[in-house]
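Okay, structure first, notes after.
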Protein chains: 2
Amino acid sequence: MFQALAAATRRDILRRTIDREQSVSDLASEYDMSFAAVQKHVAVLEAAHLIVKRAEGRERLVRANPEMIARARALLAHYEALWRGRVDRLDALLAENP
Amino acid sequence: MFQALAAATRRDILRRTIDREQSVSDLASEYDMSFAAVQKHVAVLEAAHLIVKRAEGRERLVRANPEMIARARALLAHYEALWRGRVDRLDALLAENP
DNA sequence: GTAACGTACAACCAAATGGTTGCACAACGA
DNA sequence: TCGTTGTGCAACCATTTGGTTGTACGTTAC
């Protein structure tokens, strides 16, 4: 998941598809690279479940999956909570030895 | 930053150094790879400011930088906020046309 | 003083990544 | 029907990544 978020282009695709559903071609037209390159980025995001695709005729409409973004955020929040826990233990220690 | 978070080993180093300050050797002993490999992971995390190092004699003590973890989390929260904004706009639209 | 320890860094290697072009194929439009 | 459009996938290529070993150098212990 973090691997999928690592490339700037993919984060940008995520940003655009949060705004509104877009076809793969729509997305490809926004970047200075081949359609195939963008299609691969979309595939990576899809594999990480950061986006979902929906078929509409010959188009594939892409939209961000906020649930998965929330999950990434929760993981980082968990790291912070661990740190907070350390502080809390330190606080407890200081309370014991004032 | 997300690139730095992309490797599982580095996230694990982050987790360990949130818990408590540890030397590079301490960290290296935890993984089934060479010292140099771990040292490189630490260097990547340091370049992303996800950890900070402190010299103590010949040792380099590593600790996580919760400020930067918070920043990563905030970025993801921002993405979610964009999505929320979309929903809010939709809500406003529905309110206009009940 | 010297041996051992902790760290950094260079050189190298295999595998993954991010890009390309080309091709196949389904869906749409004239 | 037939050309065009939208998509996916394979093959290929250069660069990056994640690992290795070896070397150098400052710090600590004896």
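The values are calculated or read from the model by the stated rules, or taken from the named source; none is laboratory data. In this text, all values refer to a predicted model and were calculated from it rather than measured experimentally. A quick note on method: Cβ atoms are made from the backbone with ideal geometry, for glycine too, and the neighbour counts reach across all protein chains shown. When the accessible area is computed, the model is the full protein with side chains, heavy atoms only, and any ligands, DNA or RNA have been set aside. Shrake-Rupley method; radii C 1.70, N 1.55, O 1.52, S 1.80 Å.
Couple of notes before you dig in:
- In nanometers and ordered shortest first, the copy-to-copy spacing of the A:Asp19 label point, defined 7 Å from Cα toward Cβ, is 4.4.
- Label spacing, shortest first and in nm, from B:Lys40 to its equivalents in the remaining copies (7 angstrom along Cα→Cβ): 2.2
- Accessible surface buried once B binds A (1.4 Å probe; total of both sides; Å²): 2500 Å²
- Within 10 Å of the Cβ of each residue in A:69-75, the mean number of Cβ atoms contributed by other protein chains is 5.
- With a Förster radius of 30 Å applied to the beta-carbon distance between A:Ser25 and B:Ala47, the computed FRET efficiency rounds to 0.25.
- Residues A:Arg60 and B:Arg15, FRET efficiency given R0 of 41 Å [Cβ-Cβ distance, rounded to 0.05]: 0.65
- Based on protein heavy atoms only, the range A:1-54 ends up with 48 Å² per residue of surface accessible to a 1.4 Å probe.
- A:Lys40 - accessible surface, heavy atoms, 1.4 Å probe, Å² rounded to 10: 140 Å²
- Shown for A:Ala70: label points 7 Å from Cα along the beta-carbon vector, and their distances to the equivalent points in the other copies, 2.4 nm in ascending order.
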